[in-house]
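The values are calculated or read from the model by the stated rules, or taken from the named source; none is laboratory data. Bear in mind that the values here come from a model prediction, so they are computed numbers and not experimental data. Here the Cβ positions follow ideal geometry from the backbone for every residue, glycine too, while neighbour counts run over all protein chains shown.
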Amino acid sequence: MRNLIISAILLLASLAQPNSVTRTVAAEQMLGNATEGLRFARDHCADCHQVEPGEAPAVIPAGKSFIKVAADPKMTALSLRVFLRTPHIDMPDFKLTEEQTDDVIAYILSLK
């Protein structure tokens, strides 16, 4: 059911923002600052997620590693944006600014 909801959100987001679907990964990475994204991830995500290669695995089993997220071919800037902007019952309800969202996306995509 959760995958169906995420798929529906991604579809709606892609229809609402057709220009973002056609951008290349390299262009999408330019939207944010990967260094700032890493800083944000260290400060706000590292308690539950492995955010850097070589770190110990996440303490919380549901906290997927950023490296694994980046390795998923379905993870694009658009899908990450939708994920980061959608509340999740198993995650704190962070309210990232547009700039923070762009930075975290740039960092995750830099791990590909």
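Restricting to the stretch 58-97, and then to whatever is in a loop (DSSP other than H, G, I, E, B) and among the basic types (K, R), can you tell me which residue is farthest from the chain's Cα centre (by Cα)? Here the answer is K95. Any idea which of (1) closer than 15 Å to V51 by Cβ; (2) out of contact with any Gly (no Cβ under 7 Å at 6 or more places or on another chain); (3) among the aliphatic types (A, V, I, L, M) is the one I105 doesn't satisfy? For I105, the exception is condition (2).
Yes/no matrix, rows are residues, columns are (1) exposed (fewer than 12 other Cβ atoms within 10 Å of the Cβ); (2) of a type outside the set (V, I, T); (3) over 15 Å from I108 (Cα atoms):
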{"site": "H44", "(1), (2), (3)": "no, yes, no"}
{"site": "P53", "(1), (2), (3)": "yes, yes, no"}
{"site": "P57", "(1), (2), (3)": "yes, yes, yes"}
{"site": "I67", "(1), (2), (3)": "no, no, no"}
{"site": "A71", "(1), (2), (3)": "yes, yes, no"}
{"site": "T76", "(1), (2), (3)": "no, no, no"}
{"site": "V82", "(1), (2), (3)": "no, no, no"}
{"site": "H88", "(1), (2), (3)": "no, yes, yes"}
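Of the residues making up the stretch 50-94, those that are closer than 22 Å to L31 by Cβ and modelled with pLDDT under 85 number 1.
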